[in-house]
Amino acid sequence: MKNIRIKLFAIIALALLAGCSKVGNEDRNETKDGGYFVLNSGNINVNNSNISVFDINNKELTLNAFYQANGKYLGDLGQDILVAGDEIYISVSNSRRIFVTDSQLKIKKEITFGMGGNDAFQPRYLCSYQGKIYVTYYEGYLGRIDPAEDYKVECTKVGEYPEGLDCCSGKAYVANSGGMNYPDYDKTLSVVDLGTFKETAKIQVNTNPEFVKANDQGSLIFVSSKGNYEDIPGMLQVVSTSDNTVKDLGFNNLIWMAKGPENKIYLLSGGYDQNWNPLPGKVSTLDASQPSAAAKEFVKDGVDFPMAYSLSVTNDGYVFVGSSDYVNNGDVHVIGPNGKYVCKFDSNGLNPIKVVRR
């Protein structure tokens, strides 16, 4: 914990400079209409993943909301959080479980799943489609959770170390990163027919794919990749769902991709140069209805984001950029739907990885 005087000074300075203040409220479980859940990934084997709640109307942060609701910690390596109707799904990768909670983060179910007598699988990314919840498992599977059948899980095999996914037109598209197979990363996108729940194709994409987002029409799948960190750069690609053809869209220093309202893809660039100096984070958008649309700078105030780590876009159009030095609490920058910078706040945790509208 920081020294109280330093903390108070930081609160005052932040309020004056950026218009947001961090006010710890540890006696209240409920959130407000202006609330956003902030998932902090934490560090491996430390059990310090947590969820804060940011009230954009009052610029107030409710600390440790998951612990308040349940009297237990989330675990370590919080990976993704998804709002599906009146339920919240939280994947905690290294703790090998998915929490299902109500809208106030009270646990309804803890899902652990494995096959063949193995340890429980490590859940990664989540998406909702036609009443089911889909999840990538790092052991090489796509999982499907049925809330109507007591959260029963079924799995189908995909590629090596899958990461991001999205569903459209009766299919799931899964990024097979091969992320633990350095230097021999995977470079495929699995296509899974959701009727038979079987993989029907593998599409060749760039090395080490990570995020997958479909456009509103279901005609295009955008795929971001990391490359091999040496001679193969990361890039943005687009896949036509009609014939599985792939087109390179380039985009330098891409580190995160998210889908927003109005059929827009949001891109966060940044990372590090060849000498491991951090590059300034920038947010851009492109029209997801156009397979070759040029990206446009989104933030209108000329603001960039040091130590950019993650990007979230909520269904009301707010953009949240998480920053991290992997040692101290991260900051979260807030940008309005019009591209105007709103404020930043201390996330009250390490590595803020995802923000969703409650």
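The values are calculated or read from the model by the stated rules, or taken from the named source; none is laboratory data. Computed from a predicted model, the values in this text were never measured in an experiment. Using ideal geometry, Cβ is built from the backbone for each residue, glycine included, and neighbour counts are taken over all protein chains shown. Heavy atoms of the whole protein, side chains included, go into the accessibility calculation; ligands, DNA and RNA do not. Shrake-Rupley method; radii C 1.70, N 1.55, O 1.52, S 1.80 Å.
A simple packing score, the average count of other Cβ atoms within 10 Å per residue, orders the peptides 338-350, 245-257 as 338-350, 245-257, with the highest score first.
Is the shape of segment 104-174 best called rounded, prolate or oblate, per the rule: a/c under 1.5 gives rounded, else a/b larger than b/c gives prolate, else oblate, with a ≥ b ≥ c the square roots of the Cα gyration tensor eigenvalues? It comes out oblate by the Cα gyration axes.
Tell me, what is the per residue accessible area of the chain in Å², probe radius 1.4 Å? All intermediate terms of the calculation are to be shown ahead of the outcome.
Working: 15740 Å² over 358 residues.
On a per-residue basis, the chain sits at 44 Å².
Surface composition of segment 116-184: carbon plus sulfur atoms contribute 41% of the solvent-accessible area (1.4 Å probe, protein chains only, all chains present).
Over the residues of the chain, the helix contribution to mean residue ellipticity at 222 nm works out to -1500 deg cm²/dmol, using -39500 (n - 2.57) for each DSSP H run of at least 4.
In segment 149-242, Cα pairs under 8 Å separated by at least six residues give a relative contact order of 21 percent. Which entries in the list Lys106/Lys282; Lys108/Lys198; Lys72/Lys259; Lys152/Lys198 go over 26 Å, if you measure between the two C-alpha atoms of each? Table pairs above 26 Å Cα-Cα are Lys106/Lys282; Lys108/Lys198; Lys72/Lys259.
Distance from the C-alpha centroid of segment 278-328 to that of segment 50-95: 22 Å, rounded to the whole angstrom. GNM remark for the chain: springs join alpha carbons under 10 Å apart, and the peak mean-square fluctuation among Lys108, Lys264, Lys171 falls on Lys108. Carbon and sulfur atoms: what percent of the 1.4 Å accessible area of segment 186-327 do they account for? That share works out to 47 percent.
At q = 0.10 Å⁻¹ the log10 of I(q)/I(0) for the chain amounts to -0.59, computed by Debye summation with a single uniform scatterer per C-alpha, solvent ignored.
Within segment 193-272, which GluC sites (Glu not before Pro) sit in a loop by DSSP and count at most 13 neighbouring Cβ atoms inside 10 Å?
Details: sites: Glu199, Glu210, Glu230, Glu262; in loops: Glu230, Glu262.
Loop-located and lightly packed - Glu230, Glu262.
Taking the mean number of other Cβ atoms within 10 Å as a proxy for protection, how do you rank 85-94, 175-184 from highest to lowest? Before the final figure, lay out each step's value.
On the way: 85-94: 20.3, 175-184: 17.2.
Top of the packing list down: 85-94, 175-184.
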